[in-house]
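To keep things clear, I will list the structure first and then write my remarks on it.
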Amino acid sequence: MGSASVSEAKPGLLDGLDPEQRAAAGAPRGPVCVLAGAGTGKTRTITHRIAHLVRSGHVAAGQVLAVTFTNRAAGELRARLRGLGVEGAQARTFHAAALRQLRYFWPRVVGGPQWDLIENNKLRLIGQAANRAGLGTEVEVLRDLASEIEWAKASLVIADDYPAVVARLRRDTPEPAERIAQVYRGYEELKNNARLLDFDDLLLHTVAALEEHSAVSEEFRDRYRCFVVDEYQDVTPLQQRLLDAWLGGRDDLTVVGDANQTIYSFGGASPRPLLEFTRRFPDATVVRLERDYRSTPQVVALANKVIGAARNRPAGSRLRLIGQRPDGPEPRFAEYEDETTEAASVAARIHDLLELGVPASEIAILYRVNAQSEAYEQALSELDIPYLVRGGERFFQRQEIRQAVIALRSAAAAGQRGEFVDAVRAVLAPIGLTEQPPAGGGAAKERWDALLALVELAEELAATVEDADLARFVAELEQRAAAQHPPTVEGVTLASLHAAKGLEWDAVFLVGLAEGTLPIQHADGDENAIEEERRLFYVGVTRAREHLSLTWSLYRSGGGRRTRRRSRFLYGLLPENHPAARVARGAQVRSNGQRQACRVCEGPLTGTMAIKLGRCDRCPSTVDEQVLERLKYWRGNRSRELKVPAFVVFTDATLIAIAEQCPVDESSLVSISGIGQTKLERFGAEILAVVREAVGS
Ligand code: ATP
Ligand code: MG
């Protein structure tokens, strides 16, 4: 049957797929399930399936609704669909889809003014409810209560049932269950009185509209006929209920997922609907994929080991990946004394990769919690390496981007002259898109990069849509802004492991692989939680196409020197005699291969500060206070002028190093770590003048 429908499609569409992928993509309308590991082409298969169904006339593009779990992943789906020439298929997160439907059906099912989204008021309302229930209102307590209420709503558990359900599940609750139920009830009441909706309400109300209003469900059924879910292993009971309401008894559903990548079960998600799909749809076409097209055999071998060590894997999730790409470098493991040194070393390694020609946008640093980004932001800034932090995803909130969208909109309204991409460049020029990037890093460069990202987006549109014009481009930007899917800015990605799901990069740095961070502290002692952490690690490993680096450090930076151990997930991965088991205590190696010793005591150097100063923290300083003071004054002026934080101009460590070594010419200045070519060109002459003047006075 599959081959019959394949032949109806335009030739070539399914040629880029292997036989199993083609069987899923080319299957006739009806239930399809792809169960497969990371990098095997699941997302590729569903985009091709949609394109195939549309091109062969089985369904109109506008009748397709594809859902996934993050805005970024939804943006990725839309971009891939556009690349296949599919226009008008919806690809959204569950929440974005529900919001749109609820807004549309609101007048019929509720009437009156639409309720607003709760946004930042959530903790405040939970605080009021907690107060009434006699609980503490510290932020951490409120966050725990909020997550618990979110879990309950995602699991379709109402406040009255909450205590009995958590007792049955033997669920650890942050406060006594009766109290939480009280807060939950109070929060719902306050929220309803304020006419506000939280994220889960979007789904709950949409479900109610579809289940309880036949006119609504009939209209909906007429409008959407084909449903596709990516990352189905992370579906919650609430999302499943919405999906069922969408289907309304129909079976035109394609799901793809990997039970080994379930990373939201703390939020109520479960891989069971994926693993039990054929029980519900006995006629489903089921496909398993094993070939890993993303990663080198070296990365794949490591991934297989990581997940092979998992405990209690459900039946049906034991797949072994087979790498399809040519060989690449072995994954690198390294242990560091502290986080600052780890970050400095990762930044140095990224610097080397950039020199080798790996584009910055093809490199990612992934960590367990967002707070870890700071050390890496600093280390990258010191080497003038551009980066962007995912998670915030505030691209469209940036001032220059808002300005640009307004300017593009009015240019589109005025009618465009000349070639489309040139027109975009012309509109962006007065906002700051100069021919050449501004010298140095800092805010000016960031602004320029952001504007350039818009041009690249325009080029992408021009390449994929035949009659692209300004109006079309503005519509695309508005759509992305609504979904907060920023175009890729040319910079290294910093992201949490959760946010990295479904994405891929040439080079991936998994950092902070120490007990207490991965697995995270609060997972300790809870086997299910530990297994979820392991899957998170697996997600991280499988993001890498070619270069994979795994690092950890033994001390947290600054303050209490608490010894830490490397992550338990690394056992069995690095050979017992791997140098990482012994190295790095002190013997730091710079990216140019030089070992560094203290210039006072000749002992090994540890920490960025020590490496930069060329002496141990405890060895006597030879800093010239007068020079240091003048340098700081100069830096203050410069950072105000450039509107960047002071450390972006020079870090304290670099200034102290300058004041200790009082360089007299350019060559002695560049020998100080932290002063690269860019900084030399930009500030070299000024620094030398400040030093000369201070020493002379
Ligand atoms: P994840 O579980 O991480 O979401 P996935 O199974 O969705 O992974 P994709 O992102 O679809 O995998 O594919 C991984 C990479 O392999 C992509 O770069 C994709 O273009 C490529 N790829 C997939 N299938 C093929 C194929 N048949 N031929 C060539 N490249 C392929
Ligand atoms: Mg995918």
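The values are calculated or read from the model by the stated rules, or taken from the named source; none is laboratory data. A quick note: this is a predicted structure, and the numbers were derived from the prediction, not measured. Ideal geometry is used to build each Cβ from the backbone, glycine not excepted, and the neighbour counts take in all protein chains shown. Just so you know, the surface numbers come from the protein's heavy atoms only, side chains and all, with ligands and any DNA or RNA stripped out. Shrake-Rupley method; radii C 1.70, N 1.55, O 1.52, S 1.80 Å.
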Those residues of region 260-269 which are over 11 Å from Val539 (Cα atoms) and among the hydrophobic types (A, V, I, L, M, F, W, C) amount to Phe266, Ala269
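Considering Leu354, Leu380, which residue is surrounded by fewer than 20 Cβ atoms within 10 Å (Cβ to Cβ), assigned by TED's automatic domain parsing to the domain that holds Ser567 and hydrophobic (A, V, I, L, M, F, W, C)?
It is Leu354.
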Original post:
Looking at region 173-187, is at least one residue loosely packed, with under 15 Cβ neighbours inside 10 Å, in the same structural domain as Ile126 (by TED's automatic domain parsing) and more than 33 Å from the chain's Cα centre (by Cα)?
Top reply: yes
Among the residues of region 227-236, is there at least one that is away from ligand 1 (no atom under 16 Å from the Cβ), farther than 30 Å from Glu189 by Cα and under 28 Å from the mean Cα position of the chain (by Cα)?
yes
Scanning region 247-276 residue by residue, the ones that are touching a residue at least 60 places away in the same chain (Cβ under 8 Å), away from ligand 1 (no atom under 16 Å from the Cβ) and surrounded by fewer than 22 Cβ atoms within 10 Å (Cβ to Cβ) total 6
Scanning region 533-562 for residues that are modelled with pLDDT under 95, on the phi < 0 side of the Ramachandran plot and not hydrophobic (A, V, I, L, M, F, W, C), the one least open to solvent (accessible area, probe 1.4 Å) turns out to be Ser553
Residues of region 37-49 being more than 6 Å from ligand 1 (Cβ to nearest atom) and not charged (D, E, K, R), in sequence order, are Gly37, Thr45, Ile46, Thr47, His48
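Which of the residues spanning region 233-245 are open to solvent by less than 10 Å² (accessible area, probe 1.4 Å) and touching a Ser or Thr at 6+ places or on another chain (Cβ under 9 Å)?
Across region 233-245, the qualifying residues are Gln233, Asp234, Val235, Leu238, Leu242.
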From the option list Thr43, Thr47, Thr70, single residue qualifying as in contact with a Leu (Cβ under 6 Å, 6 or more places away or on another chain), over 12 Å from Arg225 (Cα atoms), touching a residue at least 24 places away in the same chain (Cβ under 8 Å) and not small (Gly, Ala, Ser) is Thr47
